[in-house]
2 protein chains.
Amino acid sequence: MQRYFIKNEQMNKNTITINDQDFHHIKNVMRMKTSDNVEVVNENGLVYLAEIVSFSKTEVILNIIKNINENNELKSEITIGLALARQSKHEEVLKRITELGATKFIPVEMTRSVIKFNKSFNQTRLEMIVKEASEQSKRNKLLEVSEATTLKNLLKNINEYDYLIYAYEDVKDKNIVNIKQLIKDFKNKKALILVGPEGGFTNDEVSLLNKHKFIPIGLGPRILRLETAAIYIMSIISYELEL
Amino acid sequence: MQRYFIKNEQMNKNTITINDQDFHHIKNVMRMKTSDNVEVVNENGLVYLAEIVSFSKTEVILNIIKNINENNELKSEITIGLALARQSKHEEVLKRITELGATKFIPVEMTRSVIKFNKSFNQTRLEMIVKEASEQSKRNKLLEVSEATTLKNLLKNINEYDYLIYAYEDVKDKNIVNIKQLIKDFKNKKALILVGPEGGFTNDEVSLLNKHKFIPIGLGPRILRLETAAIYIMSIISYELEL
């Protein structure tokens, strides 16, 4: 069944009002009619089965039929810090990691990032992609898309995380920690996982990350593009915690 | 270091001749000069360090310096059978699963496939994508891209596989097998893993697959798009066998 994320202010007791994009989607894309049912998720992650009761020119009114007791969220809060790349790469990663249950996405300027910090991303489009992927994959929460930042600024706000990790391309490095042992402890914890640019982290960045107690992990013998690395990480976390 | 896949016929004793796209790449994209080094991989998966000795108008000649004893191949032969989808989706999946070590890719028409069997795909472009991803990810073997087929035709050629698996979206189905127990046995084995279309396999297809002893696996509580499902599967196989 089609799912829509709404703001809490769109709910008033048993009545839900939907306008804008979602109104257009219900009316013109899905071509729904009065008495059709949809799933609605509010900002608290609560899911409701709702029935369409009427359409106006700009909005659709629904009545809540019942609360659906369902939670599809990953039992771990994973933030992916991805080296700044082209918008299309961010979009691909966002689609996939949203489906895979990530909590937050932070684009991070690193020395070898192709794209620089002050480049403006189409934030509205990124958020639309997240909303669509969240609805389609039946999530209860929307992934949070942060504004781009620099690595140095990111490191000022890492106290909230239980685990600090970076994917390191030199898998023969003796400091590499086996992620299998880490992931099993992720349940109900918060982890920040950094994925570097195509050219890898610089030695200075590696020193800085090590100083901040980031743990280096390897992702196998082949060289993965940053999109693949991010999706790989979310896949194996889901695998350990959800399968 | 830049890696190039070549045909065995391009090697003659210690001399390698490179023309066409790779010649263009070496000369105009990488802007390499005489005495620069590259890695060259032949059809047997053997890797050589080679030095550029001369350029002509249409080709570059290299001398083999030494054999590099390196094998980055996944220790399991995985074939992904993906429900026919738009070319752009095939391209995304191919890039990712090539990096992740898949052996073969078969586009399969299923009842709910958006795209039909007789649609022509740009096969040359798909093979170019595989070659580029293989070179960049440092593989020893090129993934094999099969022509599109139907599910019925595919089922006539499944004797070669040790494992027959399909990703099933109804994760509450009592027949779902936990893939964790399966993957650990994949080493040195051949597996065919089918990923269905967005609408899922039909009941008839599920019956047919079950009749042919395919094992249904689940990929977690959220609904994954077919691209994500294919990448998820290759990620977790790499995770179990390579990390």
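The values are calculated or read from the model by the stated rules, or taken from the named source; none is laboratory data. These numbers come from a predicted model, not from an experiment. Neighbour counts are summed over all protein chains in view; Cβ atoms, including those assigned to glycine, are modelled from backbone coordinates with ideal geometry. Areas reflect the complete protein model, heavy atoms only, side chains present, ligands, DNA and RNA absent. Shrake-Rupley method; radii C 1.70, N 1.55, O 1.52, S 1.80 Å.
Evaluate the charge dipole of chain B about its Cα centre and quote only its size in Debye, nearest 20, assuming +1 on the Cβ of each Lys and Arg and -1 on the Cβ of each Asp and Glu. Magnitude of the dipole: close to 240 debye. Once R0 is set to 51 Å, what does the formula 1/(1 + (r/R0)^6) return for the Cβ-Cβ distance between A:Val29 and B:Asn14, expressed as a FRET efficiency to the nearest 0.05? In this case the efficiency is close to 0.25.
Position B:Thr202: other-copy label points at 5.9 nm, ordered by increasing distance, label point 7 Å along Cα→C-beta. Here the stretch A:30-78 and the stretch B:164-243 have alpha carbon centers that stand 30 Å from each other. If you take all other residues with their beta carbon under 15 Å from the beta carbon of B:Arg86, and give Lys and Arg +1 and Asp and Glu -1, the sum is +2. The residue among B:Ser120, B:Gln136, B:His24 whose Cα reaches farthest toward the positive pole of the charge dipole of the stretch B:1-143, with charges on the beta-carbon of Lys, Arg, Asp and Glu, is B:Ser120. Give me log10 I(q)/I(0) at q = 0.14 Å⁻¹ for chain A, Debye formula, one equal scatterer per alpha-carbon, no solvent. So the normalised log intensities work out to -0.91. In chain A, helical runs assigned H by DSSP with n ≥ 4 each contribute -39500 (n - 2.57); averaged across all residues and rounded to the nearest 500, the mean residue ellipticity at 222 nm is -8000 deg cm²/dmol.
Modelled label positions at A:Lys75 and A:Asp170, each set 7 Å beyond Cα in the direction of Cβ, lie 3.8 nm from each other. Ranked from shortest, the separations from the 7 Å Cα-to-Cβ label point of B:Lys180 to its equivalents in the other copies are 1.2 nm. Solvent-accessible surface, computed for protein heavy atoms with a probe of 1.4 Å, shrinks by 30 Å² or more for the following residues of the stretch B:204-243 when the other protein chains are added to the isolated chain: B:Pro221, B:Arg222, B:Ile223, B:Arg225, B:Thr228, B:Ile231, B:Tyr232, B:Ser235, B:Ile236, B:Tyr239, B:Glu242, B:Leu243. Only beta bridges with both residues in the protein assembly as shown are counted; by DSSP, about 45 percent of them are antiparallel. Other residues lying with their Cβ under 12 Å from the Cβ of A:Phe55 contribute a combined charge of +2, Lys and Arg counting +1, Asp and Glu -1.
For the stretch B:103-243, the relative contact order is 29 percent, taking Cα pairs closer than 8 Å that sit 6 or more residues apart in sequence and dividing their mean separation by the residue count. Per residue, the accessible area of chain B comes to 47 Å² when a 1.4 Å probe rolls over the protein heavy atoms.
Computed from point charges on the beta carbon alone (+1 for Lys and Arg, -1 for Asp and Glu), the dipole magnitude for the protein assembly as shown about its Cα centre is near 100 Debye. Measuring spread by the Cα atoms of the stretch B:160-241 yields a radius of gyration and Dmax of 12.2, 34 Å.
Distances between equivalent label points of B:His24 across the copies, with each point positioned 7 Å along Cα→Cβ, amount to 3.9 nm, shortest listed first. Each 20 Å bin from zero up to the one holding the largest Cα-Cα distance in the protein assembly as shown carries the following percent of pairs: 22, 53, 23, 3, 0.
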